[in-house]
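Here the structure is laid out as structure tokens; the discussion comes afterwards.
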Amino acid sequence: MNLAGALILAAAVLYVTFFPAAGLPALGPAFNPTTGAWTMAADAQVTNRMLHIAGLRQPVSVVLERDGTAHISAQTDHDLFLATGYVHARFRLFQMDLMRRQGAGRLSEVVGKAAVDSDRFELQLGLLRTAQAEWAQLQTDDQSRQALVAYAQGVNDRIAEAESMHQLDAMFTLLGYQPQSWSPIDSLLVKGDMTQTLNFTDTPLVMALLKKSLGADLSSEWFPILPPNQQSPYDIGPYAKPTIGPIETMSEVTDAEAQSAAALHQRLAALPAGLVAKGGASNNWAVGGAKSTSGGALLAGDPHLHLTLPAIWFQLTMDSPGYHAAGVGLPGTPIVLIGHNEHIAWTLTDAQNQQTFFYQEHEDAAHPGRYLWNGSWQNYKTVSYEIPVQGAKTQHLDVKLSVHGPVISERGQTTSVWWTGNLPSQDLGVLLRIGQAGNFAEFRNALRGWLAPTHNFIYADDRGNIGLISAGYYPLVAKGQPWLPMAGTGEFDVIGTIPFDDIPQAYNPPDNILWSANQRQVTSSYPYYIGTASNFFDAGYRANEIHRVLSQPGKLSADDMSALQTDTRDSLAAEIVPVLLQSLSKERLNAKESAAVDLLRSWDFRMETNSAAATIWWYFWGWYLDETFKPWWKSRAVPVDYGVVFNALGQDLEAWTLHDPGNRAFSAPGVGSRTAPDALRKSFHRLIGDAAKLLGPEPRSWSYGKVHQRVLENLAQISGLNYGPRPDRGDANTPLAAGGYPSTDGPSWRMVVDWGAQTFQAIYPGGQSENPASDWYTDRVDTWWAGKLNPMLTWDEASSAAGAWTWDLRP
């Protein structure tokens, strides 16, 4: 038996060494002493080097700081972008390859059947078609075209070097493939991936299912166009008159429409995380020189994204005769996306206006393969793709296109999607012009060409000026209900965009502060439709807290900006907890409940890891939502998990608790007549009982760190290469955003600029290298976790700093 067992084990080891099995690659190549995983250690070493790079026209100097921040100085713009491609690929090639494969629908080729659904959807949606169209639009003398070509050459130089030196990332070896040559279209695909993550939504499908199950009365009340709670818009008008009439109403959602929406919603919900946007969370603000202790403008920003290892961002400075910028860019693209130059600084948040519309095409048996539009029958256009699948047969896919966009569902009524991300948009050229801008007029003019995703671009310059522009494409629909799937017969089509001069924006306001945190940017008198409260503007709590801090008397410093980025005060808790305590003032409480009340009474509403009151609030708000809405969900058989509309319902609950405690929502079927105080008390009692079972009988021991953690997830989904989970502060409503459990999203890059003091500071969680054997894999995480920032050095400062390495790149 021992001999038989040994033989079986040996046979199994030999098999997986030389052959792939059950989605796993053959492991033998990983142990190859020349080309296998052992090269990770050699690849992690960084030294002073002189390198010959094909395609360079003049020598380029690259300085790598102690933490890997790259400073690239070139004598020509072409060489700058080429060297940037080389440096990106040197540290992030596998990440770049995954991103382009996702956008191009080619993940199955290397990971097998598990990615087929993702590939099919991406090819239907059309990132590849859009990237190809964007590339075709660029003229040969266009600066962004030249940047993309040079960047691709630099990436390919690194691929050739790595292959010749057997230093490709170990993940290529483990998955058993080699990266293909990089092309300019690949960079445009990476850009498209980010656009999709931020603003391709399924909200109209969700709204259709809610309207059908809850009824028109409740769905209209609970999911209004304008937010029901108090918010802090930055652009308060006056506004221009609209060029089209107001949105009109349409018929109710039919059974057929609801069934089609349900089928497509289920399909989208089953896709991997990141392909459908689930709501954004980012902060930025600026302070004019008159309100700054240094006398210069201040700027702060922290875009909140999925926290991954390697990180989404790569930090660098880029210097050439025509381009000077410092900050972060996306590996795979040739420019700085967020940062500063010699005169201006900028950062961004999601604008959150509706940019995804679903159309149900009208077909009938008498006109097979055609659809009715503007009174005549149209032929669908068709694009065909082959999807290679590792370990399985190649799959064929035909994608149908209507005038509205790609058909993404034929279950029930044929549904196509109109999405701004499918409009060819020369965003890289816009970012190049932003990096070259020297004042607000040039900055604003550059943003006229920005389409998607819509962003709140905030600005501060070396003359004390500040500005904010919510730039992008704001679709105009002539009539109908665009927050629901609409008929594709023509009368409800997108007919244009809000004029650039009418989009939300501000410059040097009287109070010297500007801010955005995904809240609705304008007041209720804004004349254009830009989306509903659930599609999906933030509830406004982070924006309210940021505005509260910035608007206090006195001047502000860079340290104040940094402190606000890590502020854990929950403004929703500050509103609701006093009402909860009032409702309990005459209630008979047991010892645990009394202790919990004492903790809440003395709480400062900050979500700190050592706070027991923070834990009580964390659990209470969830119970309060359950107590109010779950009976409705059950009685109306709502097919949508109410967690999908958690934020929208939370705004309602806040408004009713404070201003409409007798709202009918508290008296769900089967619950009986009651008010907000009744629901508050019941939720509190349930919370304390359940928390005692989970956390122990003593409320003072219920520290928030026990129930709230954060984790940085490895991009290849190898959990052993994650960082955390680790207790952390904040929640979804605090400026230090940390929603969910465990929290996997948050501030992906923090930057603070003080033009008066000429200080530039920043940090992101992770490191410059994707190689787990490198010192630059997680070396920035502890600094980021502690809420600290690193100085953003110039090329001269970096070259003389301790621990820096220099690469001399030559033709």
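The values are calculated or read from the model by the stated rules, or taken from the named source; none is laboratory data. What you see is a predicted model; the values in this text were computed from it and never measured. Please note: Cβ atoms are built from the backbone with ideal geometry, for glycine as well, and neighbour counts cover all protein chains shown. To get the accessible areas, we keep the full protein, side chains included, count just its heavy atoms, and leave off ligands, DNA and RNA. Shrake-Rupley method; radii C 1.70, N 1.55, O 1.52, S 1.80 Å.
So here's what we get for this one:
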read-out: Condition broken by Asp570, with the remaining ones in (1) within 21 Å of Gly650 (Cα to Cα); (2) surrounded by fewer than 20 Cβ atoms within 10 Å (Cβ to Cβ) satisfied; value: (2)
read-out: Failed item in (1) crowded, with 19+ Cβ neighbours inside 10 Å; (2) modelled with pLDDT of 95 or more, with His265 passing the rest; value: (2)
read-out: Options Arg145, Arg100; residue that is modelled with pLDDT of 95 or more, charged (D, E, K, R), out of contact with any strand residue (DSSP E or B) (no Cβ under 9 Å at 6 or more places or on another chain) and buried (at least 24 other Cβ atoms within 10 Å of the Cβ); value: Arg100
read-out: Pair list, Cβ under 8 Å, 6 or more apart: region 665-683 residue at positive phi, other residue buried (at least 17 other Cβ atoms within 10 Å of the Cβ); value: Gly670/Pro631
read-out: Only listed residue being without any contact (Cβ under 8 Å) to a residue 24 or more places away in the chain and surrounded by 18 or more Cβ atoms within 10 Å (Cβ to Cβ), chosen from Val399, Val430, Val417, Val407; value: Val430
read-out: Elements of type strands (runs of 3 or more DSSP E) contained in region 294-364, each with 2 or more residues being within 30 Å of Ser260 (Cβ to Cβ) and among the hydrophobic types (A, V, I, L, M, F, W, C); value: 356-360
read-out: Selected residue (criterion: farthest from Ala281 (Cα to Cα)) from residues of region 700-730 that are basic (Lys, Arg) and touching a Phe, Trp or Tyr at 6+ places or on another chain (Cβ under 9 Å); value: Arg726
read-out: Condition broken by Gly480, with the remaining ones in (1) of a type outside the set (A, V, I, L, M, F, W, C); (2) open to solvent by less than 10 Å² (accessible area, probe 1.4 Å); (3) over 27 Å from the mean Cα position of the chain (by Cα); (4) modelled with pLDDT of 95 or more satisfied; value: (4)
read-out: Whichever residue in region 776-811 is outside any helix (DSSP H, G or I) and polar (S, T, N, Q) and, among such residues, is surrounded by the fewest Cβ atoms within 10 Å (Cβ to Cβ); value: Ser800
read-out: Test result for Ala517, more than 21 Å from Leu423 (Cα to Cα), under 26 Å from the mean Cα position of the chain (by Cα) and open to solvent by 20 Å² or more (accessible area, probe 1.4 Å); value: no
read-out: Residue check, Arg588 free of Cβ contacts under 8 Å to residues at least 12 places away in the same chain and of a type in the set (D, E, K, R); value: yes
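A quick yes/no check of all residues on (1) more than 27 Å from Leu305 (Cβ to Cβ); (2) assigned to a helix (DSSP H, G or I); (3) without any contact (Cβ under 8 Å) to a residue 60 or more places away in the chain:
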{"site": "Thr140", "(1), (2), (3)": "yes, no, yes"}
{"site": "Leu148", "(1), (2), (3)": "no, yes, no"}
{"site": "Val155", "(1), (2), (3)": "no, yes, no"}
{"site": "Thr173", "(1), (2), (3)": "yes, yes, no"}
{"site": "Gln178", "(1), (2), (3)": "yes, no, yes"}
{"site": "Ser181", "(1), (2), (3)": "yes, no, yes"}
{"site": "Leu188", "(1), (2), (3)": "no, yes, no"}
{"site": "Gly192", "(1), (2), (3)": "no, yes, no"}
